[in-house]
1. Ignoring everything except DSSP H segments at least 4 long, calculate the 222 nm mean residue ellipticity for the chain; use -39,500 (n - 2.57) per segment, divide by total residues, nearest 500.
2. Report, in degrees rounded to the nearest 10, the 0 to 90 angle that the Cα long axis of helix 91-104 makes with the longest principal axis of the chain.
3. In whole Å, what is the distance between the alpha-carbon centres of the stretch 175-224 and the stretch 252-308?
4. Do any of Lys28/Lys149; Lys81/Lys259; Lys10/Lys228; Lys180/Lys274; Lys143/Lys180; Lys201/Lys296 go past 32 Å between their Cα atoms, and which?
5. What do you get for GluC sites (Glu not before Pro) in the stretch 238-318 restricted to DSSP loop and a cutoff of at most 13 other Cβ within 10 Å of the site's Cβ?
6. Hey, if you put +1 on the Cβ of every Lys and Arg and -1 on every Asp and Glu Cβ in the stretch 121-313, which of Val176, Val267, Ile137 ends up farthest toward the positive end of that dipole?
7. To the nearest 20 debye, what is the magnitude of the charge dipole of the stretch 200-328 about its Cα centre, counting +1 on the Cβ of each Lys and Arg and -1 on the Cβ of each Asp and Glu?
8. Over the Cα atoms of the chain, how large are the radius of gyration and the largest Cα-Cα distance (Dmax), in Å?
Amino acid sequence: MSFFKKLKEKFTQQTDSVSEKFKDGLEKTRNSFQGKVNELISRYRKVDEDFFEELEEVLIGADVGFTTVMELIDELKKEVKLRNIQDPSEVQVVISEKLVDIYNSGEEQISALNIEDGRLNIILFVGVNGVGKTTTIGKLANKLKNEGKSVILAAGDTFRAGAIEQLEVWGERSGVPVVKQTAGSDPAAVIFDAVQSAKAKNADVLICDTAGRLQNKVNLMKELEKVKRVIEREVPFAPHEVLLALDATTGQNAMAQAKEFSKATNVTGIALTKLDGTAKGGIVLAIRNELNIPVKLVGLGEKIDDLQEFDAESYVYGLFSDVIDQED
């Protein structure tokens, strides 16, 4: 059974709408990427060096990242030779297989959130202003509450005008309490209060918002380190997740942000927002492969339930669904 047939069988048997969310959310990337691949395939009668050179350009154009593209092309060449593939149309299946392999290779990575029963799980969100961090926090709170967990939010971004109010709106929308102080308060003090509140209420999950911009980058990173120390002091081995919110539409700029925040906060996973808003969804692979940080959450739309845990096969289905759905 071909890889495409396996994916079709898997996703047609699913009872939930996860595959459809990935399909809908990756529509812009799929239309752009698949359209260019189809156009490339139509112009070649055989798989040769020129074909691979043009495929490189298509992949780089999808923001897969230069290093990752070079690795992917090398793997494709080996596999095409091994399988004696002559027809360019057959390369699509190999590309999909290798995209999954690339995402799942390297150091052990776990896409699921590190949340365990019987303890206070603390999730620290970091990221620059404007990437959708607070919105993602609100959607995650809603998701976890719907899964039966008691959730508390901490309004630790005390510097951005309106940040506290924005989190309160999400708290009301999700039916989740928000621990806050006045604007301009010490973020570490807010987080301390939130931890004490979460302990007293025996909460399952505490999600902490943080500042995305201060006077300069050094001050911001120092503030994040201070918040992290407060959490570590109050709850051993916490935070259990440090999620970096990145805007998928910013492409390689998102990669630069990931490198900066990783230095200060030991990022454990990426929350990739606005994936539905870009035609360059290959950034998922670049982040995973070049930074070795798993993408744990993806924003696939504006609705409150459009935040999904990342799954490599669902992602590939979203990229190739038009072809996969035609499989016999």
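Every read-out reported here was derived from the displayed coordinates using simple, explicitly stated rules and does not represent laboratory data. The model shown is predicted, which means the values in this text are computed figures rather than measured ones. With ideal geometry, Cβ positions are generated from the backbone for all residues, glycine too; neighbour counts draw on all protein chains shown.
1. Working: 13 runs with 174 residues, N = 328.
Taking each H run of at least 4 residues, the total per residue is -17000 deg cm²/dmol.
2. Tilt of helix 91-104: around 30 degrees.
3. What the calculation gives is 22 Å, centre to centre.
4. On the way: Lys28/Lys149 34 Å; Lys81/Lys259 36 Å; Lys10/Lys228 40 Å; Lys180/Lys274 27 Å; Lys143/Lys180 21 Å; Lys201/Lys296 27 Å.
Check vs 32 Å cut-off fails for Lys28/Lys149; Lys81/Lys259; Lys10/Lys228.
5. On the way: sites: Glu241, Glu260, Glu290, Glu302, Glu309, Glu313; in loops: Glu302.
Those satisfying the criteria are Glu302.
6. Val267
7. Working: 15 positive and 21 negative charges, 238 e Å.
That gives the stretch 200-328 a dipole magnitude of about 1140 debye.
8. Cα radius of gyration and Dmax of the chain are 21.2, 68 Å respectively.
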